[in-house]
Amino acid sequence: MYSAIVFLPLFGALIAGFLGRAIGARASELVTCGLLTISAILSWVAFYQVGLGGDAPGDIHVLTWLNSGMLQIDWAFKIDTLTVVMLVVVNTVSCLVHWYSIGYMSHDPHRPRFFAYLSFFTFAMLMLVTANNLLQMFFGWEGVGLASYLLIGFWYTRPAANAAAIKAFIVNRIGDFGFAIGIFAVFMIFGSIDLETIFANTEEVAGQTFMFLSWEVDILTTICLLLFMGAMGKSAQFLLHTWLPDAMEGPTPVSALIHAATMVTAGVFMVARLSPVFEQAPIAMDVVAIVGATTAFFAATVGLVQNDIKRVIAYSTCSQLGYMFVALGMGAFGAGIFHLFTHAFFKALLFLGSGSVIHAMSDEQDMRHMGGLRKLIPVTYLMMVIGTLALTGFPFTAGYFSKDAIIESAFAGNSGVGTYAFYMTVIAALFTSFYSWRLIFMTFHGRPRAEAETLSHVHESPLTMLVPLFILAGGALFAGYIFYNQFIGAGIEDFWRGSLADFGGEFILEKMHGLPAWVPWMPTVMMAAGAFLAWLFYIRNPSIPAALAAQHQPLYQFLLNKWYFDELYDFLFVRPAKRLGYFLWKRGDGWVIDGFGPDGISARVLDVTRNVVRLQSGFLYHYAFAMMIGVAALITWYMFWGSAH
């Protein structure tokens, strides 16, 4: 069953990719969607058997992959509760995105290629989450990066899409460099990259140090920080986040797939999978929490002023990933994965809902050109409202249970890092509610701001696009309530059964129930305050935002330009790299190599032979003149130097 779950998407990708022209676009769509549907259904069966039934088969051997000296690696699936949770998340969202894409991409001439990329993306993510060793995880990790490059740049005739794809690829390489070095360090210290071997020997390595220059450095802390560097790139954390908003240049189904359940959650999954190692490195845990809290706050501030409907949701994703890392950094591993699980439903709902809006508005994405769509596309409006309620943590929706648990876990940490994370996430909750309802009010309420011709074509999306929204809406409303006990409630031990570090269960159960009464209420208060401010600014008195922007122009520009990180990186890294490349091209290649190297020598030989050839003129008096010059030269030499001998 597990081989079918993992390899069916690969078969679909191969069929659509290599036979797409032969079988046609419709057949490619049906094959990939059908195989993903089977894989998704089997994933829920596995979730029931392993997560709820306790029937975990352990490691499933597929084949022997590498055998080189001490390094012996099998291609095998590690099946436990964490794995089946990720299988459900990845395959469910991917399946719905596949079916949604049939309607959204109906007019695109390259649909077989698109569906092949989607299925390959899913396969790479499944390889990552089922890995029982770090090399297999890295294989899936890089496969996801490759597939994201292909999907973001799918419309390759658009310069912006090409630039966004390259940017995502390069920024992820920075994080992957740290991840790769971390894997090398693990093999050097543990003598293996098999997860079970690493976990079994972690306590022995804990506390050991090595000398770096004149400093004594903790080994596990160094390894965890290197691995977390990879997570920062893949999950778009602060400083390595710049690729995520630009990834919106890809088709909207791609945005939902990348930002909801797959690529960006790979870093969260990796830290959770290695939680037995991370819990032995408290400094690394603090770094994870600080980076997550900073990301949550930073992305929320930028989302306040964005006008592109997809970019607002993209920064929301960045912020919510920060929440997940706060939970992991505080040791609340179950809460982090719970938020990953619930976030997949409502974030995919919001992205696909925004795609429905863009589809209805003839590819318009600027919210300033929308408004008044509530009555024209009421089903899409309802779905977007449900997604917004879950994202902002409205009571008893999915986000309410998972996000509030993270904020409470930060306070329960009872440390300086926990206090910082608590206040950052509380402020981010306020901002999240504001910009989420701002999106709803600007898009669906008020007077229509689109051109009359565009409004005349506004229509509800087809059922192939709406049915996935209905399913995701159900998850956004009820997933938190249904699975609360299993992920972070009374049934946590029977559910996880050792797939996460034990510290996570103790942390949630023992420390979160003794909090002051005002702490659990803070996220709800922030949610209500943000919604009220958005209503005041965009419904009650729409002149306030423009007045505030004019009054605080430097701050507005600072947020609108995303804290100027793109400009800063362009100044510090991109321009110097271009100048160095230009110098090496002109001076190194053009002047040195072409002038004095092999190219230069060959050029001089050609010059000499060209001049020698000119002597062969064919005229007798030229040859006689040359002979006279030779005789004169010999006599002169003999007169001055020859007589001396």
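The values are calculated or read from the model by the stated rules, or taken from the named source; none is laboratory data. Everything numeric here is computed off the predicted structure, so don't read it as measured data. Here the Cβ is made from the backbone with ideal geometry for all residues, glycine too, and neighbour counts use every protein chain on show. Note: accessible area is taken over every heavy atom of the protein model, side chains too, but ligands, DNA and RNA are not part of it. Shrake-Rupley method; radii C 1.70, N 1.55, O 1.52, S 1.80 Å.
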Amide H neighbours of ASP59 under 5 Å, at least 5 residues apart or on other chains, H built in the peptide plane: list them.
ILE79
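For PHE47, what is the net charge nearby, where nearby means another residue's Cβ is under 12 Å from its Cβ and Lys, Arg count +1, Asp, Glu -1? Before the final figure, lay out each step's value.
Numbers: positive: none; negative: ASP55, ASP80.
Every neighbour counted, the sum reads -2.
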Centroid-to-centroid separation of segment 290-330 and segment 594-618 [C-alpha atoms, Å]:
64 Å
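Report the extension gain between SER3 and PHE177 in nm, rounded to one decimal, defined as 0.36 nm multiplied by the number of residues separating them, less their alpha carbon distance. Mind showing how you got there, number by number?
On the way: separation 174, 0.36 × 174 = 62.64 nm, distance 3.00 nm.
Computed gain between SER3 and PHE177 is 59.6 nm.
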With DNA, RNA and ligands ignored, accessible area of TYR117 (1.4 Å probe; Å², nearest 10):
50 Å²
What are the ³J(HN,Hα) values, in whole Hz, obtained from phi via the Karplus relation 6.51 cos²θ - 1.76 cosθ + 1.60 with θ = phi - 60°, for each residue of segment 403-410 in sequence order, with x given for Gly and Pro?
5, 4, 5, 5, 4, 5, 5, 5
Around ASN133, which amide H atoms from residues at least 5 apart in sequence, or from another chain, sit under 5 Å from its own amide H, with H modelled in the peptide plane?
LEU195
Close Lys-Lys pairs in the chain, where close means Cα under 21 Å and separation is 8 or more or interchain
12
Can you work out the FRET efficiency for the pair ASP589 and ILE170, with r the C-beta to C-beta distance and R0 = 30 Å, to the nearest 0.05?
0.85
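Using just the helices of the chain, give the 222 nm mean residue ellipticity in deg cm²/dmol: DSSP H runs with n ≥ 4 each add -39,500 (n - 2.57), and the total is spread over all residues, rounded to 500.
On the way: 29 runs with 442 residues, N = 645.
Value at 222 nm, helices only, nearest 500: -22500 deg cm²/dmol.
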What is the distance, in nm, between label points placed 7 Å from the Cα along the Cα-to-Cβ direction at LEU30 and at ARG447?
5.0 nm
Rounded to the nearest percent, how much of the accessible area of the chain (1.4 Å probe, protein heavy atoms only) is carbon and sulfur?
68 percent
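Of the listed peptides 514-525, 439-450, what is their order by residue-averaged count of other C-beta atoms within 10 Å, with the highest listed first? It would help to have the intermediate numbers written out before the result.
On the way: 514-525: 13.7, 439-450: 19.2.
In descending order of packing, they fall as 439-450, 514-525.
Provide the packing ranking of 319-325, 288-294, 493-499, 622-628, i.e. peptides ordered by the mean count of other C-beta atoms within 10 Å per residue, highest first.
Values: 319-325: 29.6, 288-294: 25.3, 493-499: 17.7, 622-628: 11.0.
Sorting 319-325, 288-294, 493-499, 622-628 by mean packing, highest first, produces 319-325, 288-294, 493-499, 622-628.
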Could you give the distance between the Cα centres of segment 417-473 and segment 563-588, to the whole Å?
37 Å
Rounded tilt (10° steps) of 81-104 against the dominant C-alpha axis of the chain:
80 degrees
C-alpha center-to-center spacing [segment 47-88, segment 518-539] in angstrom
43 Å
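What whole-number value in Å² describes the accessible area per residue of segment 571-645 for a 1.4 Å probe?
Values: 6910 Å² over 75 residues.
Heavy-atom SASA per residue in segment 571-645 reads 92 Å².
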Sort 128-139, 262-273 by the packing proxy (mean of other Cβ within 10 Å over each peptide's residues), most packed first.
262-273, 128-139
Quick calc: nm separation of the 7 Å Cα→Cβ label points for ALA160 and LEU463 -> 3.5 nm
